[in-house]
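Since every read-out is calculated from the coordinates, none of them should be taken as a lab result. On a predicted model such as this, the values are computed, not experimentally measured, just so you know. Cβ placement follows ideal geometry from the backbone for every residue including glycine, while neighbour counts extend to all protein chains displayed.
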């Protein structure tokens, strides 16, 4: 598709089209080819870690598959991050995690969904950054979009299970105590419970197999 066609169809200026295409290119969704125009790329070429791509996929028909990919990624990373945080996190962060986990439990029991979401995002963000691993810390955006998307699309209960609320407290207190094994185990319980709850949403959703580049 040529940019001129988009201008005519959408009734926008050339500069607006160029900026939109630039953003879509940065996400891996399209590419521009000289004398050909704009080509939409297959999903295997998209940047799956970009929060904008995650948000867009969560709002569409591929929501289940996106939730599965994110849940599996978090299951692989967050228990390790909890273990590392128990070993490495600054004292102030440890104490803040404990305070947040108790506030989460209060908000969850009260059915205060907006407050619970805010605290849930902060809890998992601190968990990742507290690991001392800058690559884990850069997953904060993905986790934020996951938790927000689940809430926005009605996939989070108004009153989370009491066991799940307690597991967040267990993670925080294990990190505060420097108990690496207990922190990892409690975080793993949270993630496995999340997968068990969400699994029906991605039943029969196809997986994306990204081709390996061969040189």
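The distance from the alpha carbon centre of the range 84-121 to that of the range 159-206 is 13 Å, rounded to a whole number. The share of Cα pairs per 10 Å bin across the range 101-140, counted from zero up to the longest distance, runs 34, 39, 24, 3 percent. Under conditions of 20 °C and 1.002 mPa s, the range 3-44 yields 200 µm² s⁻¹ as its translational diffusion coefficient, taking Rh as the Kirkwood radius over Cα pairs in the Stokes-Einstein equation.
Overall dimensions of the chain, expressed as equivalent-ellipsoid semi-axes from the Cα gyration tensor (√(5λ), whole Å, largest first), are 38, 19, 17. Counting only alpha carbon atoms, the long axis of helix 14-26 and the longest principal axis of the chain meet at about 50°. Relative to the longest principal axis of the Cα atoms of the chain, the long axis of helix 63-88 makes an angle of roughly 40 degrees. What's the angle, to the nearest 10 degrees (0 to 90), between helix 140-152's Cα axis and the longest principal axis of the chain? Between the helix axis and the principal axis of the chain, the angle is about 90 degrees. Dividing the helix sum by the residues of the chain, where each DSSP H run of 4 or more adds -39500 (n - 2.57), gives a mean residue ellipticity at 222 nm of -21500 deg cm²/dmol. What the pair-distance distribution of the range 20-110 shows, using all Cα-Cα distances binned every 10 Å from zero, is 13, 27, 27, 20, 10, 3 percent. A Förster radius of 22 Å, combined with the Cβ-Cβ distance separating residue 31 from residue 59, puts the computed FRET efficiency at roughly 0.40.
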